[in-house]
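Just below is one structure, and these are the notes that go with it.
Values quoted throughout were computed directly from the atomic coordinates according to the rules given, and no laboratory measurement underlies them. Because the structure is predicted, anything quoted here is derived from the model rather than measured. Methodologically, a virtual Cβ is constructed for each residue, glycine included, from the backbone with ideal geometry; neighbour enumeration extends over all protein chains shown.
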Amino acid sequence: MNTTNKPKTTIVIFGATGDLAKRKLFPSIYNLYKKGKISEEFAVVGVARRSWTDETLRETVRESIQDQANADTETIEAFCNHFYYLPFDVTSSQSYKELNDMLTRLDDQYNIPGNRIFYMAMAPEFFGTIATNLKSQGVTDTPGWTRLVIEKPFGHDLTSAKELNDNIREAFAEEEIYRIDHYLGKEMVQNIEVIRFANAMFEPLWNNRYISNIQITSSETLGVEDRGGYYEASGALRDMVQNHMMQMVSLLAMEPPINLTTDEIRSEKIKALRALRPVQPEEVKDYFVRGQYGPGEINGDEVPGYRSEANVDPESITETYVAGKLMIDNFRWAGVPFYIRTGKRMVLKSTKIVVQFKELPMNLYVTDKEQIHPNLLIIHIQPDEGITLILNGKKFGPTGETTPVQLDYSNNTIDNANTPEAYERLIYDCMIGDATNFTHWDEVYLSWKFIDAISAAWKDQEGLHTYQAGEMGPKEAKQLLEKDGFHWWPVNNEGKYSI
């Protein structure tokens, strides 16, 4: 058996009774097991405050995976038997000693050479405490490797992120820390590098000589639902821009790496983030727009405004929408704006990237009566996955007029049962020690440094714009592009870009 591709490991899930474990982690580990990606020599230990037993946890796991396609009872039972539960107090040294005893016992039972993944699926305020105790109580003292997986948010600003990182680094080296951003596990986000670096028709054009602007849109139809308390302390800037949006910008802007190793790819992403033009407090209003949804209509249903949501301050100034213009001051991208927008209660759920190419210096088909359509490369991230290329072709008939031609490649034709969920791919990457699609501390540092300047300028209500639920954001977001001579490429209800 190739133990490199089928790793032997114990996964400890802190917060195993929570929603993330049920919705994402248990099904993802089951898919890896069902596909033979992990060997029979593995164990999962769930720890949390509740007084559960092994069987309570196993029943929860059964419920979380029973709707999986082709899930047969025998496979499910064999899988669930690898799960164990330990009631846990993160502040008690006794709990860590009990955990270490259990892990040692499971190593012997499953012939695991001391490999341990500690997955933080709980409130971030406990991350530092857990990491410190894992080290001090000897849980990380093992003949195999240890890895720490951390969910976002990694801090709520640069100061808190530094403090958290310092605490964690006392117990784990940087190469042992896997900061998870599930966007980096998405098929089409990983495809950005392939589109760029494996196609001779794109890489030579991927610069300011040929690209006029790049737009990244991540919209949701949902409101804050039951997360009002969390969202009040976060807002769209911290919840989406600091991590997901900045990661996509870095992938689009990075230089070609020397090779496809983790260190080389991360190095180029970090260089791109270092080249981001800092936004001064007095300039924030010229580069960023913040909005908050009011009452409106989504899919024919009346929905409340943000200030009427549960656990939200009736006079809240928290933004549920952000649009921004990012400038990257390096040789490749000087002068090319990267526009981003993300928000809740918008027209549709969609994440897409639009690369707009420049017009030809002298286009024979541009007349006084018509304007030729710009060439666009559209990368569809979710919910549909694929690529659209918009070119110009001749209209049928005797005229010499042109018409946009849309060429589509869609991943939707692929059986979704065989398409790895983002968490499934990232958990497996962690098991085999591939940190390429996880966030390095330098990326976190540079992102927070950039974002904090914007947050500081948004301390009061001035500049907070409202938009009606069911719209694509406030009108000021349109003006952000119009003053540069551009416009957002609009989407229709099917999520396709209008041409």
Revision key, fill the gap. Once amide hydrogens are built 1.01 Å from N within the peptide plane, the residues lying 5 or more places from residue 118 or on another chain with amide H under 5 Å from its amide H are 12, 147, 148, 149
Check your understanding: Quick one: putting +1 on the C-beta of Lys and Arg, -1 on the C-beta of Asp and Glu, what dipole do you get for region 87-181 around its Cα centre, in Debye to the nearest 20?
Key -> 80
Practice item. Run the dipole for region 209-266 about the Cα centre, Lys and Arg Cβ at +1, Asp and Glu Cβ at -1, nothing else charged, and hand back the magnitude in debye, nearest 20. Key: 240
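Run the helix sum for the chain: -39,500 (n - 2.57) per DSSP H stretch of 4+ residues, divided by residue count, reported at 222 nm to the nearest 500 deg cm²/dmol. If you can, show how the numbers build up before the last one.
On the way: 14 runs with 150 residues, N = 499.
Taking each H run of at least 4 residues, the total per residue is -9000 deg cm²/dmol.
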Check your understanding: From the cross-link list 35/152; 162/285; 352/395; 24/325; 24/269; 186/285, which pairs have alpha carbons spaced over 30 Å apart?
Key -> 24/325; 186/285
Review point. Residues with amide H under 5 Å of residue 298's amide H, sequence separation 5 or more or different chain, H placed in the peptide plane at 1.01 Å from N; which?
Key: 303
Review point. Taking the mean number of other Cβ atoms within 10 Å as a proxy for protection, how do you rank 301-311, 191-201, 21-31, 322-332 from highest to lowest?
Key: 21-31, 322-332, 301-311, 191-201
Revision key, fill the gap. Expected sort for 104-110, 287-293 on mean C-beta neighbours within 10 Å, highest first, is 287-293, 104-110
Exercise for review: Could you rank the peptides 471-477, 315-321 by their average count of other C-beta atoms within 10 Å per residue, with the highest value first?
Suggested key: 315-321, 471-477
Practice item. With the Cα gyration tensor of the chain in hand, convert its eigenvalues to equivalent ellipsoid semi-axes via √(5λ) and list them largest first in whole Å. Key: 42, 26, 23
